[in-house]
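So the structure is just underneath, and the comments pick up after that.
The values are calculated or read from the model by the stated rules, or taken from the named source; none is laboratory data. No experiment lies behind these values; they were computed from the predicted model shown. Counting neighbours? That spans all protein chains shown, and the Cβs are built from the backbone with ideal geometry, glycine included. Surface accessibility is based on the protein's heavy atoms, side chains included, excluding ligands, DNA and RNA. Shrake-Rupley method; radii C 1.70, N 1.55, O 1.52, S 1.80 Å.
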Amino acid sequence: QEDLVESGGGLVQSGGSLRLSCASSRDISTFSGMGWYRQAPAKDRELVATITIGGWQNYKASVKGRFTISRDSAKNTLYLQMNDLRPEDTARYYCHGWTQSSGECWGQGTQVTVSS
């Protein structure tokens, strides 16, 4: 029921960096793709970055060049390296995994707060 668990969020100053981790209880190679989403108060959840099993990556335009998504199959862990953080990056960040045949999984999220 809780296949994905995020960690690494916190409070940082503008311009700082954080690395988010998503630990999976299942072999991440069984996912067709994985990604990170975020949701700020009073706003819709939005896609931040995705990576497919083939390694293809996609990023929200406003984070491209600042954020990097990666995975470590040996550790069954997905990462999001976030550099040059801005106050508008403040949100709860969620790990996501999906398959064509078995649906999708979500973590409970980790809070990222960026101060001015």
The extension gain from ASN58 to LEU11, computed as 0.36 nm times the residue separation minus the Cα-Cα distance, is 14.3 nm
Computed over the chain, the relative contact order (Cα-Cα under 8 Å, seq sep at least six) in percent reads 37
Quarter of the surface of the C-alpha convex hull for the chain, i.e. direction-averaged projected area in nm², equals 7.0
Ignoring ligands and nucleic acids, ILE53 exposes an accessible area, probe 1.4 Å, in Å² to the nearest 10, of 110
Note: probe point = Cα of ASN83 + 7 Å toward Cβ; backbone nitrogen < 15 Å; residues of segment 25-68 passing the test are 63-68
Simple SL model, points at 7 angstrom along Cα→Cβ for THR30 and LYS75; separation in nm is 2.1
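With every protein chain kept in place and ligands, DNA and RNA left out, what is the accessible area per residue of segment 1-105? Probe 1.4 Å, answer in Å².
Solvent-accessible surface per residue comes out at 54 Å².
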When the chain is treated as a Gaussian network with springs between alpha carbons less than 10 Å apart, the largest mean-square fluctuation among ALA91, ALA23, ALA74 is found at ALA74
Stretched fully, the stretch from ARG19 through GLN111 gains (0.36 nm per residue minus C-alpha distance, one decimal, in nm) 31.9 nm
Segment 48-89 and segment 17-40 have their Cα centres apart by a whole-number Å value of 9
For segment 1-57, averaging the sequence separation of alpha carbon pairs under 8 Å that lie six or more residues apart and dividing by its residue count, the contact order in percent is 25
For LEU4, the accessible surface traced by a 1.4 Å probe with all protein chains present amounts, in square angstrom to the nearest 10, to 10
The answer for the longest stretch of the chain without any exposed trypsin sites (Lys or Arg not before Pro) (DSSP loop, at most 15 further Cβ atoms within 10 Å) is 76-116
Of every hundred units of 1.4 Å-probe accessible area on the chain, the number belonging to carbon and sulfur atoms, as a percent, is 45
